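First up is the structure itself, then whatever we jot down about it.
The values are calculated or read from the model by the stated rules, or taken from the named source; none is laboratory data. Since the structure is predicted, the reported quantities are computational estimates derived from the model, not experimental observations. FYI the Cβ positions are ideal-geometry reconstructions off the backbone, even for glycines, and counts take in every protein chain you see. What goes into the accessible areas is simple: the full protein's heavy atoms, side chains included, and nothing from ligands, DNA or RNA. Shrake-Rupley method; radii C 1.70, N 1.55, O 1.52, S 1.80 Å.
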Amino acid sequence: MEQVSVGYGGSTVVSDMSFRVRRGEIIALIGENGSGKSTLLKSITKEIPLLGGSIRIDGRDISRLSAHDIARIMAIVMTGAVRTDYFTCYDTVASGRYPYTGRLGKLREEDRQKIDEAMRLTGTVELADRYITDISDGQRQLVMLARAIAQEPMLLILDEPTNFLDIRHKMLFANTVKELALSKNVTVLMSIHELELVRDMADRVIALKDGKIDSDGPVRDILTDEYVKQLFRLV
């Protein structure tokens with residue numbers, strides 16, 4: 001990201017933001033509500049247009065990439081309802097292969113292997129035949145993560161992925177993301193509030209305050225008691 005500014009209706013929410021990330025790195029975006037975390041992620045996924053600056057992935061400007069190209073580069077897991085009525089969990093994970101299956105969406109043996117691998121990695125194999133509307137929130141987030149893994153992204157975007165999850169599912173989610181980054185060299189950029197999970201998962205923290213980068217560095221250097229109190233205005 002180079003001097004990126006993003007906003008809504010001409011009003012700037014994130015301004016003059018620049019940083020780089022490496023393959024296989026897990027980066028946590030932290031900050032108060034309204035600090036610009038979700039807005040920043042939406043600019044990367046092209047959900048909202050840039051007001052200034054540029055974003056490049058692997059040397060390619062995302063403004064010049066098609067939706068199909070983007071789907072081969074990044075996968076997204078958001079918090080909230082998922083419109084997959086009457087889909088089984090297997091069908092939901094299989095939808096992550098659409099950038100590779102062509103117009104007819106016919107699954108090849110290679111695609112089925114990727115789907116099975118993603119469900120094994122997330123511990124969701126036993127849910128394969130259940131409708132996604134009939135499972136718990138925690139199980140659903142793991143299924144959505146499996147779909148993202150099946151997509152074989154270079155970059156995984158997570159926006160508050162552990163909201164509403166119980167402790168067990170939070171740890172399952174965190175362990176799966178760490179394994180994905182380690183074994184598949186996937187870069188993870190996530191917005192998250194649970195600082196204990198950040199300490200457990202992330203390699204690096206980017207702290208946002210009032211739409212700007214307030215600090216950027218290794219977890220151990222950023223998440224000190226003193227700095228956390230300052231960032232979240234607890235003093």
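Side notes on the structure shown:
- Residue in the range 92-111 that is of a type in the set (A, V, I, L, M, F, W, C), in a helix (DSSP H, G or I) and open to solvent by 50 Å² or more (accessible area, probe 1.4 Å) present: no
- Which numbered condition Leu197 misses (of (1) touching a Phe, Trp or Tyr at 6+ places or on another chain (Cβ under 8 Å); (2) under 23 Å from Arg20 (Cα atoms); (3) of a type in the set (A, V, I, L, M, F, W, C)): (1)
- Consider the range 69-91 and keep the residues that are open to solvent by 60 Å² or more (accessible area, probe 1.4 Å) and modelled with pLDDT under 90. The one that is nearest to Ile206 (Cα to Cα) is Met78.
- When Ser54 is tested against (1) open to solvent by less than 50 Å² (accessible area, probe 1.4 Å); (2) under 30 Å from Val14 (Cβ atoms); (3) modelled with pLDDT under 95; (4) of a type outside the set (A, V, I, L, M, F, W, C), just one condition goes unmet, and that condition is (3).
- Selection count, the range 1-49, where residues are in a strand (DSSP E or B) and either more than 23 Å from Val177 (Cα to Cα) or modelled with pLDDT under 95 (or both): 14
- Scanning the range 154-212 for residues that are open to solvent by less than 20 Å² (accessible area, probe 1.4 Å), more than 24 Å from Ser43 (Cβ to Cβ) and outside any helix (DSSP H, G or I) gives a single hit, Leu165.
- Within the range 19-47, being over 19 Å from Thr162 (Cα atoms), surrounded by fewer than 14 Cβ atoms within 10 Å (Cβ to Cβ) and without any contact (Cβ under 8 Å) to a residue 60 or more places away in the chain holds for Arg20, Glu47.
- Exactly one residue out of Gln151, Gln113, Gln139 is under 27 Å from Asn33 (Cα atoms) and not hydroxyl-bearing (Ser, Thr, Tyr), and it is Gln139.
- Annotation for the range 118-129: at least one member residue is open to solvent by 20 Å² or more (accessible area, probe 1.4 Å), without any contact (Cβ under 8 Å) to a residue 24 or more places away in the chain and either touching a Gly at 6+ places or on another chain (Cβ under 9 Å) or not acidic (Asp, Glu) (or both).
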